[in-house]
Amino acid sequence: MTSSARLVIVGPQGSGKGTQGARIAELLRIPAVSTGDVFRANIAEGTPLGEQVKAITAAGDLVSDELTGQIVRDRLSQDDAARGFLLDGYPRNLHQVGDLDTFLNGRGEQLDAVIELSVPRDESMARLALRATAQGRTDDTEEGIAKRLSIYESETAPILDVYRERGIVDSIDGVGTLDEITERIVAALTARGITRPAAV
Ligand code: AMP
């Protein structure tokens, strides 16, 4: 059986979705595609894209749906994403859900599962404050964090309702050790028949 693994991980900033997404992608041998990482890498390298999005991301605002969608489509069109991928940070609003649907439908594909990482607001705020000190992310200021959490609540959380109606959301408790949380996600995906492919 060659099952596909087209996944999205969704959760508020500080929920650990980047870390868990990378772990799950590695286990399933699919690429993890983080739009935030793409933007940060371009900003660090000083590319034209980086210059374009620098001020927007620093302010905690969202980059345009058009630009972000183009980046995602380019990345998902690469060979290593043919059997699956794990999107982290995309889609982030209802418009992006529609863009992703259009792209996948055009290829005769669809999402297999959406992993929702649930973490209480206090916990994600505390984790973000720690990350700000540890990694020095320029958007991890108190103001930037508050803005991104409120954008998450107003624009991103509603995408889960759309996916819930399709029956593809797995809500995972995001509080626990890294290994415990990974195991919960793996168990939920396994229940859907999404497993690590046999070694080739
Ligand atoms: P993240 O690491 O996912 O928190 O993303 C960092 C920043 O990159 C966000 O605050 C946005 O400015 C930008 N960004 C990442 N993903 C998206 C997206 N899907 N749509 C718009 N902007 C995004």
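The values are calculated or read from the model by the stated rules, or taken from the named source; none is laboratory data. No experiment lies behind these values; they were computed from the predicted model shown. A quick note on method: Cβ atoms are made from the backbone with ideal geometry, for glycine too, and the neighbour counts reach across all protein chains shown. The area values use the complete protein model at the heavy-atom level, side chains included, leaving out ligands, DNA and RNA. Shrake-Rupley method; radii C 1.70, N 1.55, O 1.52, S 1.80 Å.
Here the gap between A134 and A22, fully extended at 0.36 nm per residue and compared with their Cα-Cα distance, gives a gain of 38.4 nm. The residues of the chain expose, per residue, 50 Å² of accessible area to a 1.4 Å probe. Neighbours of I151, meaning other residues whose beta-carbon lies under 11 angstrom from its beta-carbon, give a summed charge of 0 when Lys and Arg score +1 and Asp and Glu score -1.
For H95, what charge total do you get from the other residues with a beta carbon under 13 Å from its beta carbon, if Lys and Arg give +1 and Asp and Glu give -1?
That sum, taken over residues with Cβ under 13 Å, equals -4.
Structure remark: mean-square fluctuation, Gaussian network model of the chain, C-alpha springs under 10 Å; the largest value among A134, A81, A146 belongs to A134. Of the solvent-accessible surface of the range 10-127, computed with a 1.4 Å probe and all protein chains present, 52% belongs to carbon and sulfur.
Calculated mean residue ellipticity at 222 nm for the chain: -16500 deg cm²/dmol, from DSSP H runs with n ≥ 4 weighted as -39500 (n - 2.57), summed, divided by the residue count and rounded to 500. Residues in the range 112-124 carry Karplus couplings, in order, of 9, 7, 10, 8, 9, 9, 9, 9, x, 4, 4, 5, 5 Hz; the curve used is 6.51 cos²θ - 1.76 cosθ + 1.60 with θ = phi - 60°, and Gly or Pro positions show x.
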